[in-house]
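I have placed the structure first, in the form of structure tokens, so that the comments after it can refer back to it.
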Amino acid sequence: MAAVLSGKKRRSPATAAKSSAPNPDVAWSAGTLRPPRQSLQRLPGRTGSGVFAPPSGDAPLVFSHSGKIGDLVFALPFCRAVAAASGRDRFAFHIRTDTVIERIQSDGVVMRHRLLDKAGAELFRPLLERQPYISSVSLSPETPAGAVDLDFFRVQTCLPLWGNSLPNYYLPLAPWLAEPPDLSRPWLFGGRETDLGGRKIAIFLSSRYPSEELSFGFLEPFRDELVFLGTKEEHEAFASAWFPVEHRPIRDFADALDVLSSVRLAIGNQTGFYSIAEGLKIPRLLVVSSASPNVVPCGGAFQLLHVTESAKASFLAFHERFCR
């Protein structure tokens, strides 16, 4: 992660080492970012396309998903649209744990990735149980019989993964769906007021989607208003690169829902925390990932942060409007 001293950008040792080699998945031409080469994905042990027919009859409607957190949150608008199209107000949600996916890189190398384990699923479960449109939440390493398997969005989607809105990835699984979800409206509910000691701004920056273009030094005068969400390592990395800031560990993602419902502004990259902020439609500033910009804000007050000068201007405008 970068730091700023006397107006000059300074990279942390980890970031400098990581960025010393060229990234084949990101290319620049005349200052314009071009889409990277995409890797193919497959689900070992599962066959078929994942496309499902419109739900009918009185059989329970169950959706199954393996995560990760952001994928789960951004799947919910699609689930609600499918339920509404079949005349249902509620549905059941199943988290399939310990799923392994394979990514076939452009050079033919196969990388195996494990998604949510049982512990991670248990942390996310309380958030789902607060949603009024979810009748029940279950988890296991298997997909329940008759459930809509949302994991197929990884292999079935005909949308380019680069530069598209993540909630829309699920649409090709239901080609009959005539009324897609309205992403401008909130889809997460049940946040409870939480005492943050007067801190009004949540910030979260994961190492998975770093920004080499942004200096966060402009936030230092507002440090007493900030609360950092994320792992101990992410918090320490931010404090080391920029300035110390209050850390708020979370018990589970319902706790994160409460914190984000209690602040006046959220700032961060496309982590699970940002997906919650997007679902709540609170005022938010998204740090754009150059490597994978597939989160597209919609509805409510938002702005995109990419380079320091405009990011500072956006923050000051949002601070004046929402944090005074």
Exercise for the section: Taking A237 as meeting all but one of (1) assigned to a loop (DSSP other than H, G, I, E, B); (2) closer than 26 Å to V307 by Cβ, write down the number of the exception. Expected result: (1)
Problem - Residue pairs meeting the criteria (Cβ under 9 Å; at least 6 apart or on separate chains; first under 15 Å from K200 (Cα atoms), in segment 306-319; second at pLDDT 95 or above and in a helix (DSSP H, G or I)) - result: F315/F218; F315/L219; F315/F222; L316/F218; H319/F222; H319/E225
Exercise for the section: Can you give me the number of residues within segment 165-194 that are part of a loop (DSSP other than H, G, I, E, B) and farther than 20 Å from K281 by Cα? Expected result: 6
Fill in the blank from the handout: Per the list (1) buried (at least 17 other Cβ atoms within 10 Å of the Cβ); (2) modelled with pLDDT of 95 or more, residue check on G299 breaks on (1)
Problem - Qualifying residue in segment 275-295 (condition: free of Cβ contacts under 8 Å to residues at least 12 places away in the same chain and farther than 27 Å from P126 by Cβ) - result: no
Problem - Residue selected from segment 238-250 under the condition of a type in the set (A, V, I, L, M) and modelled with pLDDT of 95 or more, by the criterion surrounded by the most Cβ atoms within 10 Å (Cβ to Cβ) - result: V245
Problem - In segment 297-316, the residues that are of a type outside the set (F, W, Y) and in contact with a Leu (Cβ under 8 Å, 6 or more places away or on another chain) - result: P297, C298, G299, Q303, L304, L305, H306, V307, T308, A311, S314
Problem - Index of the failed condition, F253 passing every other in (1) crowded, with 18+ Cβ neighbours inside 10 Å; (2) in contact with a Pro (Cβ under 7 Å, 6 or more places away or on another chain); (3) without any contact (Cβ under 8 Å) to a residue 60 or more places away in the chain - result: (3)
Problem - Selection within segment 284-304 - of a type in the set (S, T, N, Q) and assigned to a loop (DSSP other than H, G, I, E, B) - result: S289, S290, S292, N294
Practice task
Being farther than 17 Å from L76 by Cα and of a type in the set (G, A, S) is the filter; apply it to segment 133-177 and report the residue that is modelled with the highest pLDDT.
Solution key: S140
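The values are calculated or read from the model by the stated rules, or taken from the named source; none is laboratory data. This structure is a prediction, so every number in the text was calculated from the model and none was measured. No Cβ is skipped: glycine too gets one built from the backbone with ideal geometry, and neighbour counts run over all protein chains shown.
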